[in-house]
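**Student:** I am attaching a structure below and will ask some questions about it afterwards.
The values are calculated or read from the model by the stated rules, or taken from the named source; none is laboratory data. Treat the numbers as computed from the prediction; the structure is a model and nothing was measured. Neighbour counts run over all protein chains shown; Cβ positions are idealised from the backbone, glycine included.
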Amino acid sequence: MDSVIYNDFEFESLGDGIDICISSEHRFGTDAFLLADFASPRNKDMVCDLCSGSGIVALLMIRNFMPKYVAAVEIQQKAVRQLELSKEKSSLDTLEIFGCDLKEYKSSAELDLITCNPPYKLNNTGLKNKDDAVTIARHEILCDITDVCKAAARSLKFGGRLCICNRPERLCDTMIAMKQCGIEPKRLRMVQKTPTSDPWLFLIEGKKGSKPYMKVEAPLFTTSEDGGYSDEMKRIYRL
């Protein structure tokens, strides 16, 4: 158990008796809700969330789909402590927390699904935050997309799924990394604010050992014509 005392923890209710511990460095955004919904695990699935951060994707999957087992893998000590507090406060017996480098993680049982909301930016691009924790979450400093795909390939069963969200400019990198690790891209969906705006996020699913064939789904629009949330976002946010 981490003995360090943090002074900026607070809890936010996700509903259904699940509370998430957040901090200034480790919070969550829309992309986490989109990824959890895109992945949609079955209740019999063995699942892992890599680069788990505050644990939001893992907690949303538990809340919405109640998979058999969910592992959360996170390297940053403060985020791991937040995960521990969320698990304790929400009494989540199906959640197991691994405070380790994903490059060293391998599940003891073959997994049906792995999710990852990875660092979006290459290490040598973009402005970096003065906070090391935020920089690690945003930039490929401790891991890159190939490391994510290698970790997934080690633990997924044959036919198991890897679901990732990332920025559109990283789509080529992500698909190449998947294929190099024996995970075939099978499903792709772009996320746009409106039908006329450029995509700001993509959601991709790959399957370990699958044959080539990818379905490109209709875009997900986050905003309605009147400027509010779209019907799909209302469903995802439970509004």
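**Student:** With respect to the numbered conditions (1) assigned to a strand (DSSP E or B); (2) under 29 Å from residue 230 (Cβ atoms); (3) not aromatic (Phe, Trp, Tyr), which one is the sole condition not fulfilled by residue 61?
**Tutor:** In the conditions (1) assigned to a strand (DSSP E or B); (2) under 29 Å from residue 230 (Cβ atoms); (3) not aromatic (Phe, Trp, Tyr), residue 61 misses (1) alone.
**Student:** Next question, about the same structure. Give just the number: which of (1) over 24 Å from residue 118 (Cβ atoms); (2) assigned to a strand (DSSP E or B) does residue 202 not satisfy?
**Tutor:** With (1) over 24 Å from residue 118 (Cβ atoms); (2) assigned to a strand (DSSP E or B) applied to residue 202, the lone miss is (1).
**Student:** Could you check, for region 81-91, whether at least one of its residues is under 25 Å from residue 178 (Cα atoms), touching a Ser or Thr at 6+ places or on another chain (Cβ under 6 Å), modelled with pLDDT of 95 or more and not in a loop (DSSP other than H, G, I, E, B)?
**Tutor:** No.
**Student:** Also, I was wondering about something else. Restricting attention to region 160-192, which residues are part of a strand (DSSP E or B) and among the polar types (S, T, N, Q)?
**Tutor:** Residues satisfying the conditions are 166, 192.
**Student:** Looking at 16, 45, 31, which is the one that is exposed (fewer than 15 other Cβ atoms within 10 Å of the Cβ) and of a type outside the set (Lys, Arg)?
**Tutor:** 16
**Student:** Now for a different question. If a residue has to be under 15 Å from the mean Cα position of the chain (by Cα), over 18 Å from residue 215 (Cα atoms) and touching a residue at least 60 places away in the same chain (Cβ under 8 Å) to count, how many in region 143-185 make the cut?
**Tutor:** Of the residues in region 143-185, 4 are under 15 Å from the mean Cα position of the chain (by Cα), over 18 Å from residue 215 (Cα atoms) and touching a residue at least 60 places away in the same chain (Cβ under 8 Å).
**Student:** Here is a follow-up. Tell me which of these residue 58 doesn't satisfy, since it passes every other one: (1) more than 27 Å from residue 189 (Cβ to Cβ); (2) at pLDDT 95 or above.
**Tutor:** (1)
**Student:** As an exercise: evaluate residue 195 against (1) assigned to a helix (DSSP H, G or I); (2) exposed (fewer than 15 other Cβ atoms within 10 Å of the Cβ); (3) touching a strand residue (DSSP E or B) at 6+ places or on another chain (Cβ under 9 Å) and give the number of the one condition it does not meet.
**Tutor:** Among (1) assigned to a helix (DSSP H, G or I); (2) exposed (fewer than 15 other Cβ atoms within 10 Å of the Cβ); (3) touching a strand residue (DSSP E or B) at 6+ places or on another chain (Cβ under 9 Å), the lone unmet condition for residue 195 is (1).
**Student:** Kindly indicate whether any position in region 169-176 is in contact with a helix residue (DSSP H, G or I) (Cβ under 6 Å, 6 or more places away or on another chain) and under 22 Å from residue 48 (Cβ atoms).
**Tutor:** yes
**Student:** Could we say that residue 230 is hydroxyl-bearing (Ser, Thr, Tyr), closer than 15 Å to residue 34 by Cα and either without any contact (Cβ under 8 Å) to a residue 40 or more places away in the chain or out of contact with any strand residue (DSSP E or B) (no Cβ under 8 Å at 6 or more places or on another chain) (or both) here?
**Tutor:** In short, yes.
**Student:** Additional query: Looking at region 16-46, which of its residues are β-branched (Val, Ile, Thr) and within 16 Å of residue 87 (Cα to Cα)?
**Tutor:** Within region 16-46, 18, 20, 22 meet the criteria.
**Student:** Of 50, 102, which residue is crowded, with 23+ Cβ neighbours inside 10 Å and out of contact with any Phe, Trp or Tyr (no Cβ under 9 Å at 6 or more places or on another chain)?
**Tutor:** 102
**Student:** Name every residue in region 205-226 that is within 25 Å of residue 239 (Cα to Cα) and either of a type outside the set (Gly, Ala, Ser) or assigned to a strand (DSSP E or B) (or both), in order of residue number.
**Tutor:** 217, 219, 220, 221, 222, 223, 225, 226
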